[in-house]
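Following: one structure in structure tokens, then a few remarks.
Just so it is clear, none of the values below were taken in a lab; they were calculated from the coordinates. Note that the coordinates shown come from a computational prediction; the quantities given were computed from them, not determined experimentally. Positions of Cβ are generated from backbone atoms using ideal geometry, with glycine treated the same way; all protein chains shown enter the neighbour counts.
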Amino acid sequence: MSPKDVSRGTGAFTPARIAVTLLAVLALVFICVNTDEVTIRVIIPEVTMPLWAALLGVFVAGLLCGAYFFRRRARR
């Protein structure tokens with residue numbers, strides 16, 4: 001391994017991966033401390049559910065969208 005490879009952060013712990021991991025952990029903590037019941041309107045129906053479940057659903061949807069777009073960009 002050359003010094004260039006080490007300085008560019010090509011290992012397992014790159015600054016970008018650390019930042020994304022930190023943001024994911026903070027988002028999960030935020031989800032876990034919000035346990036109140038909320039009413040959510042999705043186009044027409046109203047759904048009453050715990051706020052953590054709604055936040056977790058949006059978090060997972062965001063992860064899937066992000067993975068899809070990054071994967072498409074990497075293939076080009």
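Stretching the chain fully between Leu64 and Val20 yields a gain of 14.4 nm (0.36 nm per residue, less the alpha carbon separation).
A simple spin-label model places the labels of Arg71 and Val47 2.3 nm from each other, with each point 7 Å out along Cα-to-Cβ.
What is the packing order of peptides 46-56, 17-27, taking the mean over residues of other C-beta atoms within 10 Å and listing the highest first?
On the way: 46-56: 13.5, 17-27: 11.3.
Top of the packing list down: 46-56, 17-27.
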